[in-house]
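**Student:** Let me give you the structure first, and then I'll get to my questions.
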Amino acid sequence: MVDVDVLVTGAGPVGLTAASELSRRGVSCRVVDRLPARLPYARAVGVQPRTLEIWDRMGMIREALEAAVPLKGQLLFVNGEQGPRIDLELPPEVPYGFAALPQYETERLLEQLLRRWGGHVERDTELVSFEQDSDEVRIVLSPPSGGTEELTARYLVGCDGAHSAVRKGLGLSFEGAALPEEYMLGDVEVDWDLPAGYGIRSSRTVDGHTDDLLVCIPLPGDHRYRMSMAAPPELSRTGQEDADGVTHGLSGEQGPAPGVEDIQAVLDRLSPRPTTASSLRWSSVFRISHRIVDRYGRGRVFVAGDAAHIHPPTGAQGMNTGVQDAFNLAWKLAAAVRGHAGAGLLESYGAERRPIGEEVVARTLRHARSGIQADPDDPATTMLREAQLLIGYRGSPVVGPDGSAHDGPAPGDRAPDCGGLVYALGTFPVRLFTLLREREHTLLLYADHAEQLEPFDEVAAAAARAAHGLLNACAVLGPKLDAPAPRLPTVHDSLDEFRRAYGARGGEAVLVRPDGYLGLRTVPADGPELPAHLERLFGT
């Protein structure tokens, strides 16, 4: 008899995402963190549009939008001269832009969401050891009261950072290296007249190579930025290697912290405008490695976020990638806990997410050395990639065929948003993402002629049975279709946006996964492909 379905170690954004999503699905979940309190540091600041879409799915978007500030772009300065401005512009159909939010605020919002589902963080509690067999994971914790606590769980998820005890306990390799540079970070206010909402990258070059660098990311507040810059020799941590050989992250208590005078010295050299730094909230020395595990889990134990991949913080990819790890894993774990996971569903977590981790590590390392402006793709594609909107899982063992016959997104692609959907009782249109919010798999059945509606009710009922109730269905009727609606929930595509966004064909079934990716597209909806796909996901 297990004590808990899932134990999550680490209460950063990644662990809190996993715990919230598991708890929302009724999975008994404990989340422990070795720290006695949330750290008051603006470490991960950038929030990508794709993460905001995830927070929309989780039911946290309103709180996030009210707490964050927009990131409008980046101003580039080289040797005091202003270069081309980078504007963070996305296509109009993308519902959210780039945002800045200090990590402690992200964690506060996620903890608040976790409490909504009955969960809480157990602070000052550390994982001591674990062992697993085919049925359970036996775990030893060190609680704040002293001594040890032994428990059993069905699954263990390590979201415990770059020095992950779970990763070490699994014996996973963590290949990569450390960058020689050391940086200092500071959360300060300045009095320059540069436009609000823009990040600042100011560098000094010698013979075409960057010799000195200042990067400033705007934070909520008046003229407040999180600044990063090269650490001076007197603040160096060189020779203070971490016990596990992984050099990454804030210095913590090792060595002196930078003072406002250290930051001011860099501003005097590199600030695009004469300015004075003040109101230093926190500072630290930061070291960077680039590493990735050989696999994202083994048996009943998984890793996510920095426990699985670490890399330069360029483009704010780290936390955002980790949140997507956790979101991808959570719905699959929930199905497994309920006994409704088909063969290979849990293994698909690593199959889908490790290639993403590899790509992010390589790209952020490239950008750290040469800047995002050196990206070989066209600016529009680069912007979509930085927004994490091009991440997809085509070829995954748990998505349908690539759908080359479709005009719109294929199985494995991100499900795009669209507007103009009107319920029969509604007097105003809603967006597709509103319809998908806080739902499991959603089956969208599209019709533009009356005869296509006939099998929809039966298809929806059979799909719900095959998914053990972990599926919602909705009919989407073309704008010119005036026919009695089926019994299942129905919206009209009043502006023809759904058909255009998806390249939808009459009589088609479109299956959207809980994480907002397409799992299957098939015509006709009552063909054999949908039942076969659901059996692969959920078993018989």
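**Student:** Only one of Leu71, Leu75, Leu7, Leu16 is of a type outside the set (Asp, Glu), over 27 Å from Ser283 (Cα atoms), modelled with pLDDT of 95 or more and surrounded by 16 or more Cβ atoms within 10 Å (Cβ to Cβ); which? Even if it seems obvious, please write down each step before you answer.
**Tutor:** Numbers: Leu71 fails: over 27 Å from Ser283 (Cα atoms); Leu75 fails: over 27 Å from Ser283 (Cα atoms); Leu16 fails: over 27 Å from Ser283 (Cα atoms).
On inspection, the qualifying residue turns out to be Leu7.
**Student:** Quick one: count up the residues across the stretch 289-301 that are open to solvent by less than 10 Å² (accessible area, probe 1.4 Å) and either in a strand (DSSP E or B) or on the phi > 0 side of the Ramachandran plot (or both).
**Tutor:** Taking the stretch 289-301 and keeping what is open to solvent by less than 10 Å² (accessible area, probe 1.4 Å), we get 289, 293, 296, 301.
If we keep only those that are either in a strand (DSSP E or B) or on the phi > 0 side of the Ramachandran plot (or both) as well, we get 289, 293, 301.
So the answer is 3.
**Student:** Quick one: in the stretch 153-186, which of the residues that are open to solvent by 50 Å² or more (accessible area, probe 1.4 Å) and part of a strand (DSSP E or B) is farthest from His311 (Cα to Cα)?
**Tutor:** In this case the residue turns out to be Arg154.
**Student:** With the requirement that a residue be closer than 17 Å to Val285 by Cα and touching a strand residue (DSSP E or B) at 6+ places or on another chain (Cβ under 6 Å), what does the stretch 150-196 give you?
**Tutor:** Ala162, Ala178, Leu179, Glu182, Tyr183, Met184, Leu185, Gly186, Asp187, Val188, listed by residue number.
**Student:** Exactly one of (1) part of a loop (DSSP other than H, G, I, E, B); (2) in contact (Cβ under 8 Å) with a residue 12 or more places away in the chain is unmet by Val459. Its number?
**Tutor:** (1)
**Student:** Of all residues being open to solvent by 30 Å² or more (accessible area, probe 1.4 Å) and at pLDDT below 95 in the stretch 41-68, which is nearest to Asp306 (Cα to Cα)? Just the residue, please. First the steps, then the outcome.
**Tutor:** At the first step, the residues of the stretch 41-68 found to be open to solvent by 30 Å² or more (accessible area, probe 1.4 Å) are 41, 43, 62-63, 65-66.
Subsequent filtering for residues that are at pLDDT below 95 retains 41, 43.
Details: Tyr41: 17, Arg43: 13 Å.
For the stretch 41-68, the residue satisfying everything is Arg43.
**Student:** Now a separate question. List every residue pair whose Cβ atoms lie under 7 Å apart, where the two residues are 6 or more positions apart in sequence or sit on different chains, the first residue falls within the stretch 502-529 and is at positive phi, and the second residue, located anywhere, is crowded, with 23+ Cβ neighbours inside 10 Å and part of a loop (DSSP other than H, G, I, E, B).
**Tutor:** Gly507/Ala525; Gly516/Ala415
**Student:** Follow-up. So how many residues does the stretch 62-104 have that are without any contact (Cβ under 8 Å) to a residue 40 or more places away in the chain and assigned to a helix (DSSP H, G or I)?
**Tutor:** 3
**Student:** Scanning the stretch 427-448 for residues that are in a loop (DSSP other than H, G, I, E, B) and in contact (Cβ under 8 Å) with a residue 60 or more places away in the chain, which turns out surrounded by the fewest Cβ atoms within 10 Å (Cβ to Cβ)? Before the answer, list the steps.
**Tutor:** Initially, the stretch 427-448 is screened for residues in a loop (DSSP other than H, G, I, E, B), giving 427-429, 431, 437-440, 448.
If we keep only those that are in contact (Cβ under 8 Å) with a residue 60 or more places away in the chain as well, we get 429, 431, 437-440.
Numbers: Pro429: 17, Arg431: 17, Arg437: 13, Glu438: 11, Arg439: 14, Glu440: 18.
Looking at the filtered set, the residue picked out is Glu438.
**Student:** Moving to a separate point now. Consider Leu22 against the criteria (1) open to solvent by less than 20 Å² (accessible area, probe 1.4 Å); (2) of a type outside the set (D, E, K, R); (3) part of a strand (DSSP E or B): it satisfies all of them except one. Which criterion is unmet?
**Tutor:** Only one criterion in (1) open to solvent by less than 20 Å² (accessible area, probe 1.4 Å); (2) of a type outside the set (D, E, K, R); (3) part of a strand (DSSP E or B) is unmet by Leu22, namely (3).
The values are calculated or read from the model by the stated rules, or taken from the named source; none is laboratory data. Note that the structure is a prediction, hence the values are computed from the model and not measured. In this analysis, Cβ positions are derived from the backbone assuming ideal geometry, glycine residues included, and neighbour counts consider all displayed protein chains. In case anyone asks, the SASA skips ligands and DNA or RNA and just uses the protein heavy atoms, side chains included. Shrake-Rupley method; radii C 1.70, N 1.55, O 1.52, S 1.80 Å.
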